[in-house]
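I have placed the structure first, in the form of structure tokens, so that the comments after it can refer back to it.
The values are calculated or read from the model by the stated rules, or taken from the named source; none is laboratory data. Small disclaimer: the values here were computed from a predicted structure and weren't measured. So basically every Cβ, Gly included, is an ideal-geometry build from the backbone, and we count neighbours across all protein chains shown.
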Amino acid sequence: MSPFASYFVTFVVLASLVGYILLLWGTSKIKIGKDDDEETGHSWDGITELNSPLPKWWFWTFLAVSIWAIGFVFAYPALGNNEGFLGWTKEKQYEEALQLTDKKYSEYYATITNGPIEEIAQNPATIQTGQRLFLNNCAVCHGSDAGGAVGYPSLRDSDWLYGGEPAAIIHSIAQGRRGVMPTQTDPLMVFAENNGLDKDTIIDDTAEYVLSLSGNGEPNAAGEKAYQNVCAACHAPDGTGLAAVGGPNLTDDIWLYGTGDNAVDNLRSIVLTSIYNGRQNVMPAHADILSEEKIKTLAAYIYSLSQENPSAQ
């Protein structure tokens, strides 16, 4: 908090303590009559308040609490920015609890991650723990069933942007990924102009050729020529994609920004949008969030999902 706020809080806390003690001391000096039936003069509905002193044990309890409060505000961070002479903070308490938890589960994770991912992916305990890690860290983007969503790839099939090998999955989780497809409008226009192609139709021709790779469009010479010179560097000459740069496979009818179940016109719109506007996707790194053992457990679970559909391999 700011220095002013710190001073203000300190003043309020100390003033409250001093006021409380003065009130306690002042009331203890009030002389009370010896007559047990002495009244204060206050009466409500026929009920009269007697002028009786507090029991001694009650007074000493108040005094003990006052002394305890003074010790507390100086021992703990109760006076503004002052940390207190014990040095206790919520952050330290959290870190200590986290260290105890990590120590408690480190032996467990060492057991379920002992071996290559291909092997531990068949261990029910590893898969169960990996699923829980997935639901807590990955489901918000990839879905609770790992089926993906528009802009977020499914992890249940064999269509991997950066490769589905265990090492590639671990790298994606730990280091994250940044997928960038720049707009291709200008490159296609320049290519058309330099090669005597129709600039008014070159983008539509290229989109149609891209769709033809998955059986959703008609092949055409202009689109193929443009694809081979502008798009093949990332998507490969045959359209099967390049995992090294995260270039998607365009031949399998799996669409990151749509599905093969959509009408062809909708798929054409998706492809044209990608060409005109480009795409940018970010998979955040989790190396600072999850331990190596947890990342390996999570990778084993994700790897197991793609093995559930052998026909897709």
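Of the residues that make up segment 216-227, is at least one closer than 28 Å to Ala168 by Cβ and of a type in the set (A, V, I, L, M, F, W, C)? No, every residue in segment 216-227 fails to be closer than 28 Å to Ala168 by Cβ and of a type in the set (A, V, I, L, M, F, W, C). Figure legend. Inter-residue proximity from segment 82-95: first residues among the charged types (D, E, K, R), second residues surrounded by 11 or more Cβ atoms within 10 Å (Cβ to Cβ), beta-carbon distance below 7 Å, spacing 6+ or different chains. Indicated pairs: Glu83/Pro77; Glu83/Thr89.
What tally of residues in segment 162-188 results from selecting those that are of a type outside the set (Phe, Trp, Tyr) and in contact with a Gly (Cβ under 6 Å, 6 or more places away or on another chain)?
So in segment 162-188, the residues of a type outside the set (Phe, Trp, Tyr) come out as 163-188.
If we keep only those that are in contact with a Gly (Cβ under 6 Å, 6 or more places away or on another chain) as well, we get 179, 181-183.
Adding up the residues that qualify gives 4.
Gly148: modelled with pLDDT under 95 and on the phi > 0 side of the Ramachandran plot, yes or no? Show your work before the answer.
Working: modelled with pLDDT under 95: yes; on the phi > 0 side of the Ramachandran plot: yes.
Yes: the conditions hold for Gly148.
When residues of segment 39-66 are filtered for being over 17 Å from Thr27 (Cβ atoms), among the hydrophobic types (A, V, I, L, M, F, W, C) and surrounded by 10 or more Cβ atoms within 10 Å (Cβ to Cβ), how many remain? Before the answer, list the steps.
First, the residues of segment 39-66 that are over 17 Å from Thr27 (Cβ atoms): 39, 41, 43-48.
In the following step, the residues that additionally are among the hydrophobic types (A, V, I, L, M, F, W, C) were identified as 44, 47.
When the remaining residues are screened for being surrounded by 10 or more Cβ atoms within 10 Å (Cβ to Cβ), the result is none.
Residues flagged as over 17 Å from Thr27 (Cβ atoms), among the hydrophobic types (A, V, I, L, M, F, W, C) and surrounded by 10 or more Cβ atoms within 10 Å (Cβ to Cβ) within segment 39-66 amount to 0.
For the structure I just gave you, tell me whether Pro77 is exposed (fewer than 13 other Cβ atoms within 10 Å of the Cβ), not assigned by TED's automatic domain parsing to the domain that holds Ile302 and not β-branched (Val, Ile, Thr). So Pro77 does not fit the description; no. Regarding segment 154-175, can at least one residue be identified that is surrounded by fewer than 14 Cβ atoms within 10 Å (Cβ to Cβ), in contact with a helix residue (DSSP H, G or I) (Cβ under 8 Å, 6 or more places away or on another chain) and without any contact (Cβ under 8 Å) to a residue 40 or more places away in the chain? Scanning segment 154-175 turns up no residue that is surrounded by fewer than 14 Cβ atoms within 10 Å (Cβ to Cβ), in contact with a helix residue (DSSP H, G or I) (Cβ under 8 Å, 6 or more places away or on another chain) and without any contact (Cβ under 8 Å) to a residue 40 or more places away in the chain. Among the conditions (1) under 31 Å from the mean Cα position of the chain (by Cα); (2) at pLDDT below 95; (3) outside any helix (DSSP H, G or I); (4) not assigned by TED's automatic domain parsing to the domain that holds Asp159, Leu250 misses just one, which is (2).
Mind checking whether some residue in segment 223-230 is outside any loop (DSSP other than H, G, I, E, B), modelled with pLDDT of 95 or more and among the hydrophobic types (A, V, I, L, M, F, W, C)?
Of segment 223-230, the ones outside any loop (DSSP other than H, G, I, E, B) are 223-230.
Next cut, modelled with pLDDT of 95 or more only: 223-230.
Subset that is among the hydrophobic types (A, V, I, L, M, F, W, C): 226, 230.
Yes, that holds for at least one residue.
Number of residues in segment 115-140 that are in contact (Cβ under 8 Å) with a residue 60 or more places away in the chain and in a helix (DSSP H, G or I): the value is 11.
Note on segment 79-99: residues that are over 32 Å from the mean Cα position of the chain (by Cα) and hydrophobic (A, V, I, L, M, F, W, C) amount to 3. When the helices (runs of 4 or more DSSP H) confined to segment 148-220 are screened for residues that are over 39 Å from the mean Cα position of the chain (by Cα), those reaching at least 2 such residues are found at 185-194, 202-212. If you go through segment 264-306 and keep only what is free of Cβ contacts under 8 Å to residues at least 24 places away in the same chain and in a loop (DSSP other than H, G, I, E, B), you end up with just Asp288.
Name the residue, out of Val140, Val180, Val150, Val210, that is in contact with a strand residue (DSSP E or B) (Cβ under 7 Å, 6 or more places away or on another chain) and either aliphatic (A, V, I, L, M) or not assigned by TED's automatic domain parsing to the domain that holds Ile302 (or both). Before you say what the answer is, go through the steps one by one.
Numbers: Val140 fails: in contact with a strand residue (DSSP E or B) (Cβ under 7 Å, 6 or more places away or on another chain); Val150 fails: in contact with a strand residue (DSSP E or B) (Cβ under 7 Å, 6 or more places away or on another chain); Val210 fails: in contact with a strand residue (DSSP E or B) (Cβ under 7 Å, 6 or more places away or on another chain).
That would be Val180, the only listed residue that is in contact with a strand residue (DSSP E or B) (Cβ under 7 Å, 6 or more places away or on another chain) and either aliphatic (A, V, I, L, M) or not assigned by TED's automatic domain parsing to the domain that holds Ile302 (or both).
Check Glu107, Glu95 and return the single one that is surrounded by 11 or more Cβ atoms within 10 Å (Cβ to Cβ), of a type outside the set (Ser, Thr, Tyr) and out of contact with any strand residue (DSSP E or B) (no Cβ under 8 Å at 6 or more places or on another chain). If you could, list the steps in order and put the result at the bottom.
Values: Glu107 fails: surrounded by 11 or more Cβ atoms within 10 Å (Cβ to Cβ).
Criteria check complete, one pass: Glu95.
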